[in-house]
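The values are calculated or read from the model by the stated rules, or taken from the named source; none is laboratory data. Everything numeric in this text was worked out from a predicted model, so none of it was measured. Backbone-built Cβ (ideal geometry, glycine too); neighbour counts: all protein chains shown.
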Amino acid sequence: MSDKVEVGLIGCGLMGSQHARNLVEIEGANLRALADVNLDAAKRLKQEAGGKYCTPNPQDLFNDEKIDLILICTHHHLHLPFAIQAAEADKDIFVEKPLALTIKECEQIESTVKHMGVKLMVGFQARFSPFMKKLKQSVPNPLVIVGQMVDPRWGDDSWANDPIEGGGNVLSQGCHLLDAVCWLAGSEPISIYAEGGNFTHPKIPEITDSVVSTIRFASGCVASVIIGDFGSPALVGKGFYELFGGDKTATLSGYYNIPQIKFWGIEPQTFTMNDLPIGFRNSSAAHGYVGQMEALIGWVGSGTDPTDAAKVGEGLRATKLAAKAIEAIKSQVPQKMP
């Protein structure tokens, strides 16, 4: 390996571009190659973020012996084949959320990654947000957690709503919330029950777009989790987390626009963007994207274990919770974890 981690990026859309811009600022990283079926998108990103070459064929990246790390930022149905190919090519891997859309696919990735002995991080960047870290630090052993991730209705023609490519809101985006709740609980989930279904996309009956669930953890903590695209939460914003510790409470609202935490039983009583170091008072850093890439490069480059990162097992867990929630809705029976 060279002094820098040589990175190959597959998928030059929204998230691929976000990560490429952050990699430019990391001293130990070098963006070597960009792959996208839309070659023009790869070329545009190369002009902005650099790179040695562009290609419409991801196989070129797997075959490139100089590449140490593959970032997979494609539509979700491609995560499985690309992760398997990257592992078999002895590349370390970053996969945007979700790890995959089914439990079986996630298990296939986990098995291959372990067999090949490569590293894999999943794109749950909230774990690196200074706001989420403040929540976890303030109430480290919560008794009850409330989590919410709610959007206005996604379009029927959105690729994320395609049953094959995206899986719908709960599988595609809800995994973020499910992973974050597990991380905040600091414990493994042992059961999940849910109500919900397809509330806003009758033309796509295959997907589940709305979930209200209860999760019980081995620690005894319970969480109430709301996921869907059935409106806009006017008071708390799209992302909302509340941790109750008995004698103290921490409430994070506005996570995706102007995040702030309010406390009960903790001083000072608020935590806002103004409490962050100046260099962190931007959306990319405040939401954890910068810290995530720094931890990834440190892990691949020097072996520094990113203790806050979601690795392959946590990626499997998040998809499993989403799938089990959907099964609970259909069966009307609580589902055991794992």
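Would you mind finding the one in A87, A100 that is free of Cβ contacts under 8 Å to residues at least 40 places away in the same chain, crowded, with 24+ Cβ neighbours inside 10 Å and not assigned by TED's automatic domain parsing to the domain that holds D179?
A87
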Got a number for residues in region 240-258 being closer than 19 Å to I227 by Cβ and either hydrophobic (A, V, I, L, M, F, W, C) or at pLDDT below 95 (or both)? 7
Of the numbered conditions (1) in the same structural domain as S232 (by TED's automatic domain parsing); (2) surrounded by fewer than 18 Cβ atoms within 10 Å (Cβ to Cβ); (3) in a helix (DSSP H, G or I), V170 satisfies every one except a single condition; which is it? (2)
Just to be sure before I move on: is A126 buried (at least 19 other Cβ atoms within 10 Å of the Cβ) and either part of a helix (DSSP H, G or I) or at pLDDT 95 or above (or both) in the structure I sent? yes
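Please find, among L39, L78, the residue that is in contact with a strand residue (DSSP E or B) (Cβ under 9 Å, 6 or more places away or on another chain), under 19 Å from D162 (Cβ atoms) and surrounded by fewer than 23 Cβ atoms within 10 Å (Cβ to Cβ). Walk me through how you get there before you give the answer.
Values: L39 fails: under 19 Å from D162 (Cβ atoms).
Of the residues listed, the single one that is in contact with a strand residue (DSSP E or B) (Cβ under 9 Å, 6 or more places away or on another chain), under 19 Å from D162 (Cβ atoms) and surrounded by fewer than 23 Cβ atoms within 10 Å (Cβ to Cβ) is L78.
Kindly evaluate K114 against the criterion of being part of a helix (DSSP H, G or I), among the basic types (K, R) and modelled with pLDDT of 95 or more. Can you show your working first?
On the way: part of a helix (DSSP H, G or I): yes; among the basic types (K, R): yes; modelled with pLDDT of 95 or more: yes.
So K114 passes the test.
For I93, indicate whether it is within 18 Å of K66 (Cβ to Cβ) and buried (at least 23 other Cβ atoms within 10 Å of the Cβ). Let's see the steps before the verdict.
Values: within 18 Å of K66 (Cβ to Cβ): yes; buried (at least 23 other Cβ atoms within 10 Å of the Cβ): yes.
Criteria met by I93.
Does E206 satisfy being farther than 23 Å from V312 by Cβ and at pLDDT 95 or above? Walk me through it before giving the result.
Values: farther than 23 Å from V312 by Cβ: yes; at pLDDT 95 or above: yes.
So E206 fits the description; yes.
Residue by residue, here is whether (1) farther than 22 Å from D275 by Cβ; (2) part of a loop (DSSP other than H, G, I, E, B) holds:
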residue: P205; (1), (2): yes, yes
residue: I215; (1), (2): yes, no
residue: A223; (1), (2): yes, no
residue: I227; (1), (2): yes, no
residue: T251; (1), (2): no, no
residue: N257; (1), (2): no, yes
